[in-house]
Amino acid sequence: MTPVEIHRGDSPIVLGLPHTGTHVPADIKARLNARGQGLDDTDWHIHTLYDGLLPGATTVRATFHRYVIDANRDPSGVSLYPGQNTTGLVPLTDFDGQDIWNTPPTEDEVEARRQAFHAPYHEALEAELERVRDLHGVAILYDCHSIRSHIPFLFDGTLPDFNIGTNLGTTCAPEIEAAVQNLCEMAEGYSSVTNGRFKGGWTTRHYGRPADGLHAIQMELAQSTYLKDEAAPWTYDTEKSARLRGYLKTILTTLADLAPDLKGTS
């Protein structure tokens, strides 16, 4: 299986999908314990949730699971959130802080996985962002994520439904952050926060260079907004999803419409 799937479009929007893949090579799967083999920390069905919302959007999707290697972590291994519980380049625990390996990978094995999985994903994502910027003079990376709304190991209480991340406003033009924030605040029946517990992962921080015409924003959705239950078998709820998709479509369409006004503003 190829490590990355690409669907090219002619919109200024690129959707990043680093955590929806569930492929684990057999030799790696054999080293995961029973908990790890459950793949509970997947961004379940996010590629389905966003499918077809914005005609012409480019999508770049990692097919491998984050337990193989996390495509949204710094390849050097530097923590996204120093001093807070989080998971690393190759997670040793799940989001509940429980071990997931019978035999954890060595440093050499992590490097081999970086070359085989992490690097091809980012080479593809960077190439698509540059292609789109060449077409439009600007590219907007919208990084698609989801997570359970209750994870005491990572955060207190209940996570808001929409979690917008721009690394404190540094990864995109203020117009982008404001537009998404306003739409989320107006979404009836949903809660939202900007740069709360999740401020944007390595992908958003790495590619978000507004001065170069590259803008990036992360959307972390609470899985309660579109799954029947936040537990196995992680069933996609078509009724919940249909309602949520309406708001997500408005967000993506608004960003696409906003893109021409961003040219020459850096």
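Here are a few things to note about the model shown:
- Boolean, residue 221 is under 15 Å from the mean Cα position of the chain (by Cα), buried (at least 21 other Cβ atoms within 10 Å of the Cβ), in contact (Cβ under 8 Å) with a residue 60 or more places away in the chain and farther than 26 Å from residue 137 by Cβ: yes
- The stretch 2-55, residues that are in a loop (DSSP other than H, G, I, E, B), without any contact (Cβ under 8 Å) to a residue 40 or more places away in the chain and surrounded by 15 or more Cβ atoms within 10 Å (Cβ to Cβ): 39
- Among the residues of the stretch 97-151, those identified as without any contact (Cβ under 8 Å) to a residue 24 or more places away in the chain and within 21 Å of residue 209 (Cα to Cα) are 123, 127, 130, 134.
- Summed over the stretch 76-92, the residues that are in contact with a Leu (Cβ under 7 Å, 6 or more places away or on another chain) and either modelled with pLDDT of 95 or more or not polar (S, T, N, Q) (or both) give a count of 1.
- Some residue of the stretch 186-200 being in contact (Cβ under 8 Å) with a residue 60 or more places away in the chain and more than 23 Å from residue 47 (Cα to Cα): no
- Hey, residue 42 among the hydroxyl-bearing types (Ser, Thr, Tyr), over 12 Å from the mean Cα position of the chain (by Cα) and farther than 27 Å from residue 135 by Cα or not: no
- Here residue 175 meets the list (1) within 16 Å of residue 143 (Cβ to Cβ); (2) surrounded by fewer than 19 Cβ atoms within 10 Å (Cβ to Cβ) almost entirely, failing just condition (1).
- Residue-level analysis places residue 74 among those that are surrounded by fewer than 19 Cβ atoms within 10 Å (Cβ to Cβ), under 27 Å from residue 8 (Cα atoms) and touching a residue at least 12 places away in the same chain (Cβ under 8 Å).
- Residues that are among the aliphatic types (A, V, I, L, M) and within 28 Å of residue 247 (Cα to Cα) do occur in the stretch 65-78.
- Scanning the stretch 224-252 for residues that are among the acidic types (Asp, Glu) and either in contact (Cβ under 8 Å) with a residue 12 or more places away in the chain or on the phi > 0 side of the Ramachandran plot (or both) yields a single hit, 230.
- Any hit, the stretch 134-141, residues being at pLDDT 95 or above, among the acidic types (Asp, Glu), surrounded by fewer than 20 Cβ atoms within 10 Å (Cβ to Cβ) and on the phi < 0 side of the Ramachandran plot: yes
- Under the condition of being surrounded by 17 or more Cβ atoms within 10 Å (Cβ to Cβ), of a type in the set (Gly, Ala, Ser) and not in a helix (DSSP H, G or I), the residues counted in the stretch 225-264 number 0.
- Residue in the stretch 210-218 that is closer than 30 Å to residue 137 by Cβ, of a type in the set (Val, Ile, Thr), touching a residue at least 40 places away in the same chain (Cβ under 8 Å) and not in a helix (DSSP H, G or I) present: yes
- Residue among 128, 109 that is surrounded by 19 or more Cβ atoms within 10 Å (Cβ to Cβ) and part of a helix (DSSP H, G or I): 128
The values are calculated or read from the model by the stated rules, or taken from the named source; none is laboratory data. Treat the numbers as computed from the prediction; the structure is a model and nothing was measured. Cβ sites come from the backbone with ideal geometry, for glycine too, and all protein chains shown count toward neighbours.
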